[in-house]
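What follows is one structure encoded as C-alpha cells, with my remarks underneath.
Please treat every number below as a calculation from the coordinates, not as lab data. What you see is a predicted model, and the numbers here were worked out from it, not measured in a lab. Because the Cβ atoms are built from the backbone with ideal geometry, glycine has one as well, and the counts that use them run over all protein chains shown.
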Amino acid sequence: MSNRTRRPTIVIASLLSVGTLVGGWPLRTETRSAAAAGNELEESRREVRRLREQVQSLRSALNEAAELDKQRLAVISKALKGGGAPAPTPAVVAEASPRPEAPSLPRAPAAAPVAPSLPPRRKAAEVTTGVVRGKVELPKGEPVGYVYVENVFAPAVRSEKVVIEQVRKQFVPNWAVIQRGTTVEFPNTDSVYHNVFSQSSGNSFDLGLYNSTSAAKDHTFNEPGSVDIFCNIHPQMAASILVVPNRHFAKVKADGSFEISDIPGGKRKVVAWAPGSRLQVQWVELSPGETADVDFKLEGKLPGHKNKDGQQYGSYQ
C-alpha cells in the first residue's frame, strides 16, 4: 500500500476515534449524574428516618412527662382530700453490732420531708347576673299578673303539656302561663261543636270544628308573647295564654311587687302581662351584680273581637 493510500485511512480512523470519544462522553456524564442523584435520594431517605426517630423519641418523652404530671396531681388530690400533706414514709435504718473500739459517729439529721406544692386557690366566681324588681299596677278585675325577661335565649321545652277544656261554652281555665315549646290540648266536653283558633302574631292556629265525640286537638306554642284564643262559633268563649321564652319570669304578688333574679347582665327587655290587658314593655340596662328597678301600669284590652275571617259573629250562640 502506498503512502497516499494509508493517509486517508489514518485520518478516517482518527476521526472515528474522536467521534467515539465525543459521542461517549455525554453517556458517561449521564451515568454519573444518575448515580449522584441516587446517592442524594438515599441520603434524603436516611435523613427522614433520623427525623422520624427523633420525633418518636420526643413523643415518648412527652408521654412520660404527662404520666409524671398525672401522678403528681393524684398525690396532691389525695393530700387535699385527707386534710393535709401525706405523712412522710419513715426511714429504715440498718443496725450493726456495736464496736467498742471505734467511737460511734454522730448521725446526720434526717432531711425534712418536702410537702407537695398546693395548687393556687381559685378566685371567687365573678358575678355575671343581676336582679330586676319593681311593681305592677293591674287593672281592676284582673286575676293575675306576670313579668318576664324576653331577650335571654333558652331552648324550647320538650314534652310539656297543658290542658284547657271547653266546658259549657267556656274555656276552663281561661288563662295559662307556659314556656315556649309547650303543647296545649283543647278537649271539647260539649256536645255542640267548637272551633278553637287564634290570630296572634307568631302563634296563629285553627283547630277546626269538633265536639265531644271527637278526639281532643292541640297546638304547640313556639313564639313568646301573649296569645288571644277564641271560638269561631261562640264569641263569649275567650282565653289568654302567655308564652314565656325562658325561666326568667315571676308572678306579681298581692301587693303588686315582683322580683326576677339570676338575669344575665346587659340591655334587657322586660315585659308585663295580665290575661285581659295589653302587654307593656320597658328596657333596662342591667349591670352584673346589681338590681334594676322598673314599674308597670297595665291597661285593659278593647272589648269585642271578630271571627277568624275578620267578620262580626252571627246570631248563633
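Which entries in the list K135/K267; K140/K161; K135/K301; K269/K306 go over 29 Å, if you measure between the two C-alpha atoms of each?
Long pairs (Cα-Cα over 29 Å): K140/K161; K269/K306.
I'm checking a number: the convex hull volume of the Cα atoms of the range 129-297, normalised per residue, in Å³. What is it?
In the range 129-297, the Cα hull volume divided by residue count equals 105 Å³.
Mind checking the full-extension length gain between E42 and L279? Use 0.36 nm per residue of separation minus the Cα-Cα distance, one decimal, nm.
Full-extension gain reported as 77.2 nm.
With an 8 Å cut-off on Cα pairs and a minimum separation of 6 or more residues, tell me the relative contact order of the range 129-297 in percent.
Contact order relative to length: 36 percent.
Compute the separation of the alpha-carbon centres of the range 203-261 and the range 266-303 and state it in Å as a whole number.
When both Cα centres are located, 19 Å separates them.
If you put +1 on each Lys and Arg Cβ and -1 on each Asp and Glu Cβ, how big is the dipole of the range 151-255 around its Cα centre, in Debye rounded to 20?
Value, rounded to 20: 240 debye.
Give me the net charge of S212's neighbourhood, meaning all other residues with Cβ under 11 Å from the Cβ of S212; Lys, Arg count +1, Asp, Glu -1.
Computed value for this residue: -2.
Could you work out how far apart the two model spin labels at S261 and T183 are, taking each label as a point 7 Å from the Cα in the direction of the beta carbon, and quote it in nm?
With each label point 7 Å from Cα toward Cβ, the separation is 3.5 nm.
Considering only the range 151-270, what is the antiparallel percent among its DSSP beta bridges, to the nearest 5?
Taking every DSSP beta bridge with both residues in the range 151-270, the antiparallel ones total about 70 percent.
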